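The values are calculated or read from the model by the stated rules, or taken from the named source; none is laboratory data. Model, not experiment: these values are computed from the prediction. A quick note on method: Cβ atoms are made from the backbone with ideal geometry, for glycine too, and the neighbour counts reach across all protein chains shown. Heads up: the accessible areas ignore ligands, DNA and RNA and are worked out on the full protein's heavy atoms, side chains in. Shrake-Rupley method; radii C 1.70, N 1.55, O 1.52, S 1.80 Å.
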Amino acid sequence: MDKAPQLCLPKRMARGLAIYDMDRTVTRRATYTPFLIYAARRLAPWRLFLTPVVVLLMMAYVAGLIDRGRLKELNYRLLVGRGVAPERLNAVIEQFADHQLATNILPGARTSIAADKADGRKLVLATASYRLYAAAIAHRLGFDDVIATETQIDDQGWTIERIDGENCYGAAKLAMIQAWLAREGLDRDAVHIRFYSDHISDAPVHHWSDEAFATNPHDRLVKLAEVEGWKVLDWRKE
């Protein structure tokens with residue numbers, strides 16, 4: 001069993017950050033599609049009959065006809081819809097977050113998060129998932145902040161399917177983390193950053209961090225970690 005990494009902050013560093021991806025890093029399973037289905041069941045069950053269209057959209061994404069961000073928007077519009085009062089949507093989000101905490105968090109992730117917190121590191125969740133529900137999960141796990149895909153708000157204050165800014169994925173995730181550092185007034189050279197992720201798409205952040213952890217990785221990330229000398233953690237086996 002891989003133990004949680006021990007503190008190794010250089011003395012000159014002012015503070016430490018521990019940045020975690022969410023899906024299949026902290027969680028056993030992805031959360032985006034389960035959230036859409038969970039929301040559809042509770043807000044408008046008839047929308048579940050639209051799931052074949054969701055499958056067709058996935059095929060369009062695989063074929064390169066739409067990008068990942070647009071796929072997210074269309075699936076959200078199909079299964080959650082646009083006209084959901086904030087209080088109804090927020091209730092579903094809180095219920096979904098509770099369900100994820102009860103069923104979908106890896107024990108090894110909990111141990112690592114607790115160890116990083118005990119070491120005095122600021123905890124940040126950086127995920128391609130919507131902030132809508134990622135923030136609720138992060139709050140329950142004790143994270144200090146969240147960097148995620150944002151959704152737009154219409155003139156009535158209702159969440160709509162359109163992404164506000166970038167889909168927090170790949171190189172865009174690194175840019176969003178760097179923008180977060182700037183907003184926080186943190187000089188990159190004055191912090192020591194650990195980064196945990198399961199997926200090769202997060203390689204830009206792995207390369208940029210001071211300590212990179214290929215966490216519950218798929219084969220491509222394992223091979224890259226071997227080349228780069230990154231430590232491999234597998235919390236799925238704990």
Name the residue, out of ARG236, ARG220, that is in a helix (DSSP H, G or I) and at pLDDT 95 or above. ARG220
From the set of residues in segment 152-167 that are assigned to a strand (DSSP E or B) and in contact (Cβ under 8 Å) with a residue 40 or more places away in the chain, which is most open to solvent (accessible area, probe 1.4 Å)? ARG162
Unmet requirement for ASN90, which otherwise passes all of (1) open to solvent by 30 Å² or more (accessible area, probe 1.4 Å); (2) over 16 Å from ARG42 (Cβ atoms); (3) free of Cβ contacts under 8 Å to residues at least 60 places away in the same chain: (2)
Can you report the number of residues in segment 1-31 which are at pLDDT 50 or above, farther than 18 Å from PRO217 by Cβ and aliphatic (A, V, I, L, M)? 2
Within the set of pairs 6 or more residues apart or between chains, which connect a residue that is within 14 Å of LYS72 (Cα to Cα) inside segment 41-57 to a residue that is open to solvent by 90 Å² or more (accessible area, probe 1.4 Å) with Cβ atoms less than 6 Å apart? none
Residue by residue through segment 189-217, note down the ones that are open to solvent by less than 60 Å² (accessible area, probe 1.4 Å), at pLDDT 95 or above and more than 16 Å from the chain's Cα centre (by Cα). VAL191, HIS192, ILE193, TRP208, SER209, GLU211, ALA212
Cβ pairs under 6 Å, 6+ apart or interchain, first in segment 210-233 and touching a residue at least 12 places away in the same chain (Cβ under 8 Å), second part of a helix (DSSP H, G or I), ordered by first then second residue, are ALA212/HIS206; ALA214/LEU221; ALA214/ALA225; ASN216/TRP235; ASN216/ARG236; ARG220/ILE200; LEU221/ILE200; VAL232/ALA225
